[in-house]
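Report on the structure given below.
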Amino acid sequence: MEIGKTYPMTLGIKTTHTASDGKQSQKMSSESKKQIDYTVKDFKDGVYTLEVKSKQYSEKMTDPSGKSISYDTNAAKPANKDIAVSWSIYKAMTGKTYTMKVDQKGKVVSVDGLEGIKTSILNSVKKQVSAEEFKFFTQIIDNSLNKQAISSQFEETMNIFPNKTLALKESWSDSQKIDQGPMKGNISMKRTLASVEPANTTITVNGTQSLKGNESQQGVTMSANSSANVDGKILLDTKSGWINKVNLTKKETLKRTVEAQGQKQTMTESVTTVTTVN
């Protein structure tokens, strides 16, 4: 990356959720878009100093009846109270900056300047919510605007390559065993260095998820089985390593069964999530 240059990132997430009990089905959808600029202010001893600025945030939700509610920080504050609070939170972040230091491997070294943004957000919503709601929002902001959360999100997005030299068409995998909580199983993700060209380096992504669990309480047995596949591509700028484009699709099927007094009811949910960057 070059000192003085700004690297924009637009993250979009679109989700379609269908639920059916075999007799009736319902469909809901949501989509969101977030624009962030990363400006390189300095590079010293292998560490980049980045100025991070939120530019815009929008969200749209459609319920089973087809009714939609939405907001956009580039538009006026919505009249709907629930989404007006969300608009206020993201509007308070818009234009504000914080500093992040990142090494050449994409690992975050430090994050500074978040306190002022937190204060601005909380001041923007304080008069719109009750004291109890304000306490809840304070906890959410504290949990989402801290070094650990910011670092995790950035590193998950940018730390694509393993810590080794790769050959063309070589693949590498990450796997996670889930053994805590009611749902247990495995999640795995395979990435392949598909091509390296002057403008773009292409990485293909394939992943699977398999989780299941059951529990019984007071004569009622509940079981769930979840399976998912992830497919897509990541295009990186070959020179800088910055993300030029991402398109990932996750298709998940979740089947829930409840049994009690000889009766069984099954609900099947299908969720498709498309994640795009730039």
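Just a few scattered comments:
- About the centre of its Cα atoms, the chain shows a dipole size close to 320 debye [charges on the beta carbon of Lys, Arg (+1) and Asp, Glu (-1) only; nearest 20 debye].
- Each stretch of four or more DSSP H residues adds -39500 (n - 2.57); spread over every residue of the chain, this sum gives -6000 deg cm²/dmol at 222 nm.
- 3J(HN,Hα) couplings calculated from phi for the range 252-258 with the Karplus curve 6.51 cos²θ - 1.76 cosθ + 1.60 (θ = phi - 60°) are, in sequence order, 10, 10, 10, 10, 10, 10, 10 Hz; Gly and Pro show x.
- When the GluC sites (Glu not before Pro) in the range 170-278 are filtered for DSSP coil states and for at most 16 other beta-carbon atoms within 10 Å of their beta-carbon, the remaining sites are Glu170.
- When the surface is traced with a 1.4 Å probe over the full set of protein chains, Ile3 keeps roughly 100 Å² accessible.
- Of all DSSP beta bridges in the range 47-186, antiparallel share, percent nearest 5: 95 percent
- Area accessible to solvent at Asp45, 1.4 Å probe radius, in Å²: 140 Å²
- Accessible surface of the chain [probe 1.4 Å, protein heavy atoms]: carbon and sulfur percent: 48 percent
- Fraction of C-alpha pairs exceeding 30 angstrom in the chain: 45 percent, rounded to a whole number.
- Filtered trypsin sites (Lys or Arg not before Pro), the range 190-278: DSSP coil and at most 16 other beta carbons within 10 Å: Lys239
- Across the range 96-110, rounded Karplus estimates of 3J(HN,Hα) from the backbone phi angles (6.51 cos²θ - 1.76 cosθ + 1.60, θ = phi - 60°) give 7, 10, 9, 10, 10, 9, 10, 7, 5, 8, x, 8, 6, 8, 7 Hz, Gly and Pro being marked x.
- Exposure check, 1.4 Å probe, all protein chains in place: Asp63 carries approximately 60 Å² of accessible surface.
- Less than 5 angstrom separates the built amide H of Trp242 from those of Asp237, all sequence-distant by 5 or more or on a different chain.
- Ranking by accessible area, most exposed first, for Glu155, Glu132 with a 1.4 Å probe: Glu132, Glu155
- Per residue, the convex hull spanned by the Cα atoms of the range 98-151 amounts to 60 cubic angstrom.
- Anisotropy class of the range 121-278 from Cα gyration tensor, a/c 1.5 cut: oblate
- Set Lys135/Lys233; Lys184/Lys264; Lys67/Lys127; Lys91/Lys190 screened for pairs whose C-alpha atoms are more than 30 Å apart: Lys135/Lys233; Lys91/Lys190
- With a Förster radius of 45 Å applied to the C-beta separation of Val196 and Ala149, the computed FRET efficiency comes to 0.85.
- Accessible-area order (highest first, 1.4 angstrom probe) of the listed residues Ser120, Ser270, Ser25: Ser25, Ser270, Ser120
- Asn200 long-range amide H proximity, modeled H, under 5 Å: Thr238
The values are calculated or read from the model by the stated rules, or taken from the named source; none is laboratory data. In this text, all values refer to a predicted model and were calculated from it rather than measured experimentally. Because the Cβ atoms are built from the backbone with ideal geometry, glycine has one as well, and the counts that use them run over all protein chains shown. Areas reflect the complete protein model, heavy atoms only, side chains present, ligands, DNA and RNA absent. Shrake-Rupley method; radii C 1.70, N 1.55, O 1.52, S 1.80 Å.
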